[in-house]
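Following: one structure in C-alpha cells, then a few remarks.
A short reminder: the numbers here are calculations on the coordinates, not readings from a lab. Everything numeric here is computed off the predicted structure, so don't read it as measured data. As a convention, Cβ positions derive from the backbone with ideal geometry for all residues, glycine included, and neighbour counts pool all protein chains shown.
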Amino acid sequence: MATIFSPPAILSSATATATTTTTTTTKTPPKPILFPATKPPLTTLLTATLATTALLTTSPSFADPAQKFNIYYGTAASAANYGGYGGNSDKRASAEYVYDVPDGWKERLVSKVEKGTNGTDSEFYNPKKRTEKEYLTFLAGFRQLAPKDVVLNNLALSDVDLQDLIASADKVESLEKKDENGQLYYVYEVDGVSAHSLITVTCARNKLYAHFVNAPTPEWNRDQDTLRHLHESFKTVVSS
C-alpha cells in the first residue's frame, strides 16, 4: 500500500485547525509480544489511524465486558531493521503505537518484502473468519496530514480491496479529532454492501500511520461492538 503515496499528495502546507468537522458522503444505489489489556470504541466519494497519546482521555469501550483483549506493541521498524535478529527485543519499550487484539485472534507474520513494498507493519485476524481482521500500515517522511478526502483517496488508490469497498459503499463518513497535545487524527467509517471498514490515520514521528479494522457484513453485524473497541484502542505512543 505504501508505494502509491508521494509526500506532496499527503503533505499539507495548511495548519490543521482545532475545529472538529464531520463529513458524510452518501452513494446513490446504481506474535511479537502480547500483554494483557485493561478493557475500557475512486475518487467521487471520499477516498486510506483514531490515534491518541497516552494522555488522551480514554474513550468508552463498546465491547462485551466478557471479551478479553491483549495489547499489541508496534515498533514500525523499517524493512531493513525488520526481523528481530540480534536487535532490541523489548517491544514495549520501543513501541511507536499500540492497539488491542481480541483474545484468540492470530497474528499473521508480515514478510520483509511486504513491509518494504506496502508498509504493512502488523496484522491480526479472527481464525474463524480470516477476512475479519485489524492491521496497521505506515509510511515514513510525512509530517502532517492533507485534507481528509485526499488522504482516504490515496489510501484507496494503493489498496484494491478498499477501492472496491468505497465504490460499493452506501455511506462513507469522516471525522477529525485532536488529542491533548494537538495531534490531528482522521477517522473514517466505510459502510459497504459486503463489508465494513473502520480506518484511523495520523502523523507522528515523521511517519503516517493507518490502522484498519475490517469485517464482512455478517461478522460486522455480529461483532460490531468488539470491532469498534479495536478501532478506538489504537494510539500512538508519546516519544520519550
Rg to Rh quotient for segment 89-167, alpha carbon positions, Kirkwood Rh: 0.99
Fully extended contour minus Cα-Cα distance, from D90 to K128, at 0.36 nm per residue: 10.6 nm
Pull out the extension gain between L109 and N181, defined as 0.36 nm times the separation in residues minus the alpha carbon to alpha carbon distance; nm, one decimal. 22.6 nm
How long is the gain from S78 to T217 if the chain were fully straight, where each residue apart is worth 0.36 nm and the alpha carbon distance is subtracted? 46.7 nm
Can you pull the one-decimal nm distance between simple spin-label points at K68 and S168, each 7 Å off the Cα toward Cβ? 3.6 nm
Once a ≥ b ≥ c are taken as the square roots of the eigenvalues of the Cα gyration tensor of segment 110-212, is the result rounded (a/c under 1.5), prolate (a/b larger than b/c) or oblate (a/b not larger than b/c)? oblate
Which pairs break 31 Å Cα to Cα here: K129/K178; K91/K128; K91/K133; K133/K177? K129/K178
